[in-house]
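Step one of this worksheet: look at the structure below.
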């Protein structure tokens, strides 16, 4: 039987083995122990099986996330396959693909590889050629500084499923993962057309493709031909004059095209080879460029780096906001212990009396890795807060991610309805941002046009509402854009005495026992009226990542400005 | 070279669906690096397709497939010396046999692990699942959870041990 020390040592070796961190000497000692001791052997097998099971569950979890993010626009059968069947399809389809390739000798190899995959596959429920316009064929998985071209109709958001059609990128880099398995990074300015799960056309710009074995046959059409992948990493660039370049980093590709006299141009390129195709389709050899294409790892690093940079900029701004003269209450939700039940007010005005008391909610991750947020899931979840002085001017600001709107809508902040100026700020069940205010004995309600559409569920959004008791205006803002202004009837002040964050109180037409379903990771109240420019800046600094296209961009400031 | 005729392809798909995870786990026990194990699994899968006509319906597909996988691991050992495969052939064989003997228990452990993952707090669960996503590593898990790399190594060791103990406890509590 193993001693406690031997067991501890064994687990230490196993952990370092799994992280590829075990020295040769230790490998030798592990081998000897496993050989000699049946108990050690069983622990080894059990631990390595845990390692395999964790990979399985991690992929399953990733598959579910992708599935959720594609929501109801996807072909549910196809995506539902992904976590389980795609690896299987790889095994079976790839086997049959080779069968098709070899059984007929060289002649069959001339057939397009995609066709041979589709024809021989029994694992897919539908043939790969019959792509419906609304079918998801790829997923937008990473981005750095993406700006879509002016007039581009497709402006996917991070995590969206992509349908057949054009993508026009003005700047930045976007990573797309085709459902057949190829990963492609397009660097702007670029124009690419997504055709099916294993095919695209590059009209302009630069593309880098990593094609695993499962996706062999991935095809990119160029102005005068097409590149068919034979299991590889390759780069392409198409210039405005119609010329293009093909670089192979690993494996091999086949270029097949015609020149402008109709002659066939066919080249098979292997690792380290490159060709240039002039606008007439004539090819000539080219030197490989030295690492000027962005790879997946670099993109991932830059993406994470980018989110850290964003977080740092936001942290700087937090300090400024906390010192802002008009800041009455500011919860940054940052740097709080996971067990903490006090939500710290960052302003120095209340001497702790404006700190929130967390009831029920759990701490979770906010807009960036490492940033805190509170998650509201149960009907009693809430944060109690108190701002005793009424305000005749105010701006309410929150970063929110809703899991669902709920039957009663989503409460943001509600104060005790006993006091004049008691406020209820919420999103109603139809997605309108609503400010209710108690004026005398009645409640006034100021609501926006529909702001919160279904596609915003599950995404961080920046909400703001301004109240100007002097000039009698209420303004609603989403992601830094104003999309609703209303004239105030009678209300003169706004009060947050005995307020609840993320929970209803019984103002008019709202149920008391409901909480928000989702997360909040920033909330502030200012005693001044912020304009659109200021709120836009706040949104820009606080948005989770570059390349996010918020609803604000889709909703132009259609309403008249103040005083007009 | 013969391949499964079309009429047996459905049977092959079903058997692979049912056993794919376990075959991968079997390979990973002998080749702990995921990418290497996936390469070997892919090679084994091709041979499984190729040899499927030799497989007798009604017999144990998993054992049959593992034999093919085992030979692929052995071949990899010869091809890449010791860079992919951890142990010498003698030890590899006893481990493969131990694994096959333990299959029923390992099946139970796999099921129990899901329940144990749900018991982790969100940050730990996120960290371990990020680490194990395909193509990810400790650095990615560290960044995703706002930890230093060193901190992530320590956390992953702790989380794995917690899960290992939790699964053992779950199994013990299921025993009559």
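Within the set B:144, B:152, the sole residue that is crowded, with 20+ Cβ neighbours inside 10 Å, over 21 Å from the mean Cα position of the chain (by Cα), more than 29 Å from residue B:108 (Cβ to Cβ) and within 7 Å of chain A (Cβ to nearest Cβ) turns out to be B:144. With respect to the conditions (1) closer than 27 Å to residue B:66 by Cα; (2) more than 9 Å from chain A (Cβ to nearest Cβ); (3) modelled with pLDDT under 85, residue B:112 lacks only one, and its number is (3). Scanning the range B:161-176 for residues that are assigned to a helix (DSSP H, G or I) and either more than 7 Å from chain A (Cβ to nearest Cβ) or buried (at least 21 other Cβ atoms within 10 Å of the Cβ) (or both) returns B:162, B:163, B:165, B:166, B:167, B:168, B:169, B:170, B:171, B:172, B:173, B:174.
Could you list all residues from the range B:19-37 that are assigned to a helix (DSSP H, G or I) and within 9 Å of chain A (Cβ to nearest Cβ)? If the condition is that a residue be assigned to a helix (DSSP H, G or I) and within 9 Å of chain A (Cβ to nearest Cβ), then B:20, B:21, B:22, B:24, B:25, B:26, B:27, B:28, B:29, B:30, B:34, B:37 are the ones that fit. Listed conditions (1) more than 13 Å from residue A:523 (Cα to Cα); (2) more than 14 Å from chain B (Cβ to nearest Cβ) are all met by residue A:371, apart from (2).
Condition first: more than 9 Å from chain B (Cβ to nearest Cβ) and surrounded by fewer than 16 Cβ atoms within 10 Å (Cβ to Cβ). Now tell me which residues in the range A:2-23 satisfy that. Result: A:2, A:3, A:4, A:5, A:6, A:7, A:8, A:23. Being more than 7 Å from every other protein chain (Cβ to nearest Cβ), modelled with pLDDT of 85 or more, closer than 16 Å to residue A:56 by Cβ and within 16 Å of the chain's Cα centre (by Cα) holds for only one residue in B:132, B:62, B:70, and it is B:62.
Counting the residues of the range B:119-144 that are in a helix (DSSP H, G or I) and out of contact with any helix residue (DSSP H, G or I) (no Cβ under 8 Å at 6 or more places or on another chain) gives 2. Restricting attention to the range B:38-71, the residues being part of a loop (DSSP other than H, G, I, E, B) and surrounded by 15 or more Cβ atoms within 10 Å (Cβ to Cβ) number 1.
Restricting attention to the range A:179-198, the residues that are over 20 Å from the mean Cα position of the chain (by Cα) and farther than 22 Å from residue A:241 by Cα add up to 5. Where strands (runs of 3 or more DSSP E) sit wholly within the range A:374-429, those with at least 3 residues that are touching a residue at least 12 places away in the same chain (Cβ under 8 Å) and under 21 Å from residue A:453 (Cβ atoms) occupy A:393-402, A:410-414, A:423-427. Counting only strands (runs of 3 or more DSSP E) that fall entirely inside the range A:442-488 and contain at least 2 residues that are at pLDDT below 85 and closer than 18 Å to residue A:431 by Cβ, the qualifying elements are A:442-450, A:481-487. For the range A:160-205, a residue qualifies if it is outside any strand (DSSP E or B) and surrounded by fewer than 17 Cβ atoms within 10 Å (Cβ to Cβ), but none of them does. For the range B:81-101, the criterion of being in contact (Cβ under 8 Å) with a residue 24 or more places away in the chain and more than 10 Å from chain A (Cβ to nearest Cβ) is met by at least one residue.
Checking each residue in the range A:24-43 for being buried (at least 17 other Cβ atoms within 10 Å of the Cβ) and more than 7 Å from every other protein chain (Cβ to nearest Cβ) picks out A:30, A:33, A:40, A:43.
The values are calculated or read from the model by the stated rules, or taken from the named source; none is laboratory data. The structure displayed is predicted, hence computed values, not measured ones. When we count neighbours, we look across all protein chains shown, and the Cβ atoms used for this are built from the backbone with ideal geometry, even at glycine.
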